[in-house]
Every structure is written in structure tokens, then in C-alpha cells.
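What follows is a short report on a single structure.
The values are calculated or read from the model by the stated rules, or taken from the named source; none is laboratory data. Source: prediction; values computed, not measured. FYI the Cβ positions are ideal-geometry reconstructions off the backbone, even for glycines, and counts take in every protein chain you see.
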Amino acid sequence: MSNINVETESPIITAQRVEDDKRMDFLPKAFGADYLQGERLVFSWLRELSDDYQGGYWHYYWLSNGAFYMAPDITSKLRLVWANNFFDSEMSADAAGIVATFYGLNHLTSITFNEMLVDRYYGLRAYTDQHPEASLIWHAID
């Protein structure tokens, strides 16, 4: 009997920034009926994780697999600290936004049990594997 080793390559998941004229539709489509709470949770989680974050404009991203994330419009790195998993490191605002989106989605799904949000959470996980700062993101949400 012979063993066949087949390696399959995962499809590339792309991120597309939401254009200004479509921003008003993003949150209700991303979070569903709980969009106000979802937005607040993502913002609040980044405030909790980073003393460097002082509020501001955020970019919204749709992923080609149907998931999404939000990221602050900041050019400098942010230091994130989460004592519950001993995480303390700097990362780009894009990566920090992904981390905050993970925490926000996790928090919201524990309240609403919304299957759409669970699917979006796992879609974001699939995208994270391809992110240049994947290792930092995984450590931050571990």
C-alpha cells in the first residue's frame, strides 16, 4: 500500500477597503442588527488593549470570504498589552484593528449567539493566516 501526500493550497483571501460613499452601509451589513453594539465593542477593545490608542477615524474592510475587520487610521505602531495571556508587543494599526475586531466579535457572539457573526469570526481567522503580522495577531488573541 502506498501513501499519497497531497498538499492543498488555501485560496488567497483579499481585503478591500470600504469606499467613503459606502461607509454608512458597512456596520449594519457587517454586524447585522447589533451593529451599534458591535462597533462600540471593537473601539472599546482597542482602548482596553492599547494605551497608545486615543480614538480617531477607522477604516472598514470587507474580505473576499465574506468576513470583515476594522482598523484605526494610524500610521505609527500601537503597543498592545493583555495580561490575561501575557501579551505585550507593538504592531501596526492594521494588525491591532484585526485584534480588536476579533475581541469585539467574540464578545458580541457570546451575548447574541448570532451564527452570521460566528461565520465572520472564522472568516477573519482564515484571513489572519495570510497577514504579514499573523504571528503577533495570533499571540494577541491566544
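Regarding Tyr103, is this residue out of contact with any helix residue (DSSP H, G or I) (no Cβ under 7 Å at 6 or more places or on another chain) and at pLDDT 95 or above? Give the steps one after another, and end with the answer.
Working: out of contact with any helix residue (DSSP H, G or I) (no Cβ under 7 Å at 6 or more places or on another chain): no; at pLDDT 95 or above: yes.
So Tyr103 does not fit the description; no.
Matching residues to (1) farther than 26 Å from Ser135 by Cβ; (2) touching a strand residue (DSSP E or B) at 6+ places or on another chain (Cβ under 7 Å):
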residue	(1), (2)
Pro28	yes, no
Trp62	no, yes
Thr75	no, no
Glu90	no, yes
Exercise for the section: Looking only at the stretch 43-57, decide whether some residue is within 17 Å of Gly123 (Cα to Cα) and modelled with pLDDT of 95 or more. Expected result: no
Problem - Candidate set from the stretch 1-42 (those that are aromatic (Phe, Trp, Tyr) and in contact with a helix residue (DSSP H, G or I) (Cβ under 8 Å, 6 or more places away or on another chain)); member that is modelled with the highest pLDDT - result: Phe31
Exercise for the section: Search the stretch 32-44 for residues that are farther than 16 Å from Ser110 by Cβ and pair each with any residue that is part of a helix (DSSP H, G or I) and among the hydroxyl-bearing types (Ser, Thr, Tyr) when their beta-carbon atoms are under 9 Å apart and the residues are at least 6 apart or on different chains. Expected result: Ala33/Thr112
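Gly55 - would you say it is without any contact (Cβ under 8 Å) to a residue 60 or more places away in the chain, under 16 Å from the mean Cα position of the chain (by Cα) and assigned to a loop (DSSP other than H, G, I, E, B)?
Considered against the rule, which asks whether it is without any contact (Cβ under 8 Å) to a residue 60 or more places away in the chain, under 16 Å from the mean Cα position of the chain (by Cα) and assigned to a loop (DSSP other than H, G, I, E, B), Gly55 comes out as no.
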Practice task
Any chance you could count how many residues in the stretch 37-53 are within 19 Å of Asp119 (Cβ to Cβ) and surrounded by fewer than 18 Cβ atoms within 10 Å (Cβ to Cβ)?
Solution key: 1
Completion exercise
Residues in the stretch 110-142 that are touching a helix residue (DSSP H, G or I) at 6+ places or on another chain (Cβ under 6 Å), within 15 Å of Ala30 (Cα to Cα) and crowded, with 19+ Cβ neighbours inside 10 Å total 1
Problem - Complete set of residues in the stretch 98-142 that are under 26 Å from Phe86 (Cβ atoms), assigned to a loop (DSSP other than H, G, I, E, B) and either of a type outside the set (Asp, Glu) or in contact with a strand residue (DSSP E or B) (Cβ under 9 Å, 6 or more places away or on another chain) (or both) - result: Gln130, His131, Pro132, Glu133, Asp142
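Residues being within 19 Å of Leu124 (Cα to Cα) and either of a type in the set (D, E, K, R) or surrounded by fewer than 12 Cβ atoms within 10 Å (Cβ to Cβ) (or both): count how many of those fall in the stretch 11-36.
First pass over the stretch 11-36, keeping only residues within 19 Å of Leu124 (Cα to Cα): 11-18, 26-32, 34-35.
Among the residues that remain, those that are also either of a type in the set (D, E, K, R) or surrounded by fewer than 12 Cβ atoms within 10 Å (Cβ to Cβ) (or both) are: 11-12, 16-17, 29, 34.
The qualifying residues number 6.
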